[in-house]
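Before any comments, here is the structure.
Derivation of every value follows stated rules applied to the coordinates shown; laboratory data play no part. As the structure is a computational prediction, the values presented were derived from the model and not from experiment. Because the Cβ atoms are built from the backbone with ideal geometry, glycine has one as well, and the counts that use them run over all protein chains shown.
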Amino acid sequence: MASINPTKTVSYKNIGDLSIPMDIYIPKNAHKAPILLWFHGGGLLQGRRDTIAPHMRAGVEKYKYIAISADYRLAPQVGVAEILEDVRDCIAFIRTELPSILGHSVDVSRLAVSGSSAGGYLALLAGLYVDPKPKVIVPIYPITDPLGTFFTTPQSIPEGKHAASKDEMAAYLDPNAPVTTSSGRSPADPRGYMYNYMLRTATLAQLLGIPLNNASAAAPYRISRNIQSHGLPPTYIIHGDADSAVGVEQADEVVGAMVGCGLIVEYERVHGEDHLFDDKVDYENGRLYGFVMRYL
């Protein structure tokens, strides 16, 4: 599969000196193409927009959508409430400013929102709280409840992966450190170990600024508990049942709530697969993209 690079990169938001960018992938001869907006994973603690999966890049030409991969501010220097504001502002920028940038190549009314892991969590939050809602959302092995059992129980770090100490992560755990929107995955950028640190210490909610002792303040960020009151657009969820980075019960809970509320949901619960299983060059998923294009 040939590498597909962004057509252009623009900033959708500026906060002081901090610019928050998005990469835009445009198919050839695009005319009123729908948009698939994707947010990267990393627990909202690390990650970067150029990790968009090969199948999503390839779909730009195969399915003729415009893919957008957007950065956002990272915790714990900001909380999940501020990150959700980035998501809202990103979608508002797409809907109001992108037509003047891309012209007739785009139809901003046809918007799907996807994301992997923590990005899937952002897709679900967008589905709950962005108005008007996206046409369809596609959470891929998503975090759905930072206060769920998986994230409040210390997890073992798989063999061969670095279990960073608190001292190693001190610069990134400091809530007063400079705010950033991107992190690398090389030893030159130790922030890439934040997710493993969080798993080992069971501190996701704390790092995202979600209070442990205030149920009403935490409630908006627990997805399944808000589905009945806020609804979700048609949703395609994919999650491996051997996921060691986000327990599959996180997706199970949301799917169960959607079914109970009579909402449109399709669940691909993949047997034996761990986290990031779709990040292979030869991975394809016609079922997923068939669902997306049906509702766009």
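A few comments on the model shown:
- Cβ-derived FRET efficiency at R0 45 Å, residue 274 paired with residue 104, nearest 0.05: 0.60
- Förster-model FRET efficiency, 22 Å R0, residue 229 and residue 15, C-beta, rounded to 0.05: 0.10
- Student exercise, the stretch 8-295 dipole from Lys, Arg, Asp, Glu Cβ charges, in Debye to nearest 20: 780
- Sparsely packed loop sites in the stretch 101-205 (the trypsin sites (Lys or Arg not before Pro) outside DSSP H, G, I, E and B with at most 11 other Cβ atoms within 10 Å) comprise 166.
- Here the Karplus curve 6.51 cos²θ - 1.76 cosθ + 1.60, taken at θ = phi - 60°, turns the phi angles of the stretch 110-116 into couplings of 9, 10, 10, 10, 10, x, 10 Hz, with x standing for Gly and Pro.
- Gained length - residue 202 relative to residue 92, 0.36 nm times residue gap less alpha-carbon distance: 36.2 nm
- Virtual spin-label span in nm between residue 261 and residue 131, 7 Å along Cα→Cβ: 1.5
- Just so you know, the Rg over Rh for the chain is 0.94, from Cα atoms, with Rh as the Kirkwood radius.
- Between residue 165 and residue 244, the modelled labels are 2.3 nm apart [label points 7 Å from Cα along Cα→Cβ].
- Highest average packing first - 12-25, 34-47, Cβ atoms within 10 Å: 34-47, 12-25
- What the phi angles of the stretch 9-14 give under the Karplus curve with 6.51, -1.76 and 1.60, with θ = phi - 60°, is a coupling list of 10, 10, 8, 9, 7, 10 Hz, glycine and proline written as x.
- Close amide H pairs (under 5 Å, H built 1.01 Å from N) link residue 202 with 155, residues at least 5 positions away or on another chain.
- Based on DSSP H segments of at least four residues, each scored -39500 (n - 2.57), the chain has a per-residue ellipticity at 222 nm of -8500 deg cm²/dmol.
- Inter-site label distance for residue 214 and residue 81 at 7 Å from Cα along Cβ, in nm: 0.7
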